[in-house]
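Peer 1: This is the structure I want to talk about, given as structure tokens.
The values are calculated or read from the model by the stated rules, or taken from the named source; none is laboratory data. Computed from a prediction, not measured in an experiment: that's the story for all the values here. In this analysis, Cβ positions are derived from the backbone assuming ideal geometry, glycine residues included, and neighbour counts consider all displayed protein chains. Quick note on the areas: whole protein, heavy atoms, side chains included, nothing else; ligands and nucleic acids left out. Shrake-Rupley method; radii C 1.70, N 1.55, O 1.52, S 1.80 Å.
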Amino acid sequence: MLLEVSSLNAGYGFLQILRDVHLSIDTGEFVCLVGPNGSGKSTTLKSIFGMLPKVSGSIKFSGEELVGLPGYEVYRKGIAYVSESMNLFTQMTVQENLLLGAYMERNKKKIQERVQYIYALFPRLEERKNQLSGTLSGGERKMVALARALMGSPSLVLVDEPSFGLAPQMTEAVFDALDTLNSKENLTILVVEQNVELTLEYSHRGYVLENGAITLEGTSQELNNNAHVRKAFLGV
């Protein structure tokens, strides 16, 4: 198993958000974490990536414990995180943002090869490589954030709310990109998303997080057919 999370508890100050959360992801899977606002989905990703000081339980990546490691060490282990806010350097060009994603690589040839690989995946970004990232559309900025994460050649990518603030057409384009990375590049993906219907369409398996705890898990088809999921999240 690539990622194993068990008995995960986390919060902010005195406020506990996650309660004994468990989930696992194998290499090459596309797994989703869905649930209502405030359920702890983003907190789960931040906990995995070492962004919260108050975390207990176990987070194992390739058999190695991550709890207690800061984010930069988690990144070095092979996990990339694409936040909801994307955190782009808006006064830098697309290409400059991408190069920052390869800051740990010292081989210039490998960096250039990676840049060309990214542009092959996202032709639109190559068209705008000299454009300031702050002037891009919302969907394009999402692509830059994802592409920058890929510059580090991660084994696992954590993606937080890829559809946030996007028009439906751009949302599908971002999910198509994730699907391509998973199916053709065997990239392992854990995505947190409010659009449950679309997420279940693209992912292999999923977990439902409610009030800080996992309440359901199964294949995406099983969750899509589940009466509670359909009533609570799909409006059926």
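Peer 1: Could you tell me whether Glu185 is closer than 19 Å to Arg124 by Cβ and among the acidic types (Asp, Glu)? Outline the logic, then answer.
Peer 2: Numbers: closer than 19 Å to Arg124 by Cβ: yes; among the acidic types (Asp, Glu): yes.
Judged against the criteria, Glu185 is a match.
Peer 1: Pairs under 7 Å by beta carbon, first residue open to solvent by 60 Å² or more (accessible area, probe 1.4 Å) in segment 183-195, partner charged (D, E, K, R) and modelled with pLDDT under 95, six or more apart or different chains?
Peer 2: Once the first residue is open to solvent by 60 Å² or more (accessible area, probe 1.4 Å) and sits in segment 183-195, its partners that are charged (D, E, K, R) and modelled with pLDDT under 95 give Gln194/Glu161.
Peer 1: Filter segment 194-210 down to residues that are assigned to a strand (DSSP E or B) and aliphatic (A, V, I, L, M) and give me whichever is nearest to Asp179 (Cα to Cα).
Peer 2: Looking at the filtered set, the residue picked out is Val208.
Peer 1: Kindly indicate which of Leu234, Leu216 is free of Cβ contacts under 8 Å to residues at least 60 places away in the same chain, open to solvent by 30 Å² or more (accessible area, probe 1.4 Å), under 21 Å from Leu158 (Cα atoms) and not in a helix (DSSP H, G or I).
Peer 2: Only one candidate qualifies: Leu216.
Peer 1: Having 2 or more residues that are closer than 22 Å to Asn226 by Cβ is the bar; report the strands (runs of 3 or more DSSP E) wholly within segment 1-65 that clear it.
Peer 2: 15-25, 30-34
Peer 1: Consider Pro162 against the criteria (1) modelled with pLDDT under 90; (2) of a type outside the set (A, V, I, L, M); (3) open to solvent by 70 Å² or more (accessible area, probe 1.4 Å): it satisfies all of them except one. Which criterion is unmet?
Peer 2: Result: Pro162 fails condition (3) only.
Peer 1: Residue pairs, Cβ under 8 Å, 6 or more apart or interchain, first in segment 57-77 and touching a residue at least 60 places away in the same chain (Cβ under 8 Å), second assigned to a helix (DSSP H, G or I). List them.
Peer 2: Phe61/Val74; Phe61/Lys77; Ser62/Lys77
Peer 1: Consider Val34 against the criteria (1) surrounded by fewer than 16 Cβ atoms within 10 Å (Cβ to Cβ); (2) within 26 Å of Arg148 (Cα to Cα); (3) not small (Gly, Ala, Ser): it satisfies all of them except one. Which criterion is unmet?
Peer 2: (1)
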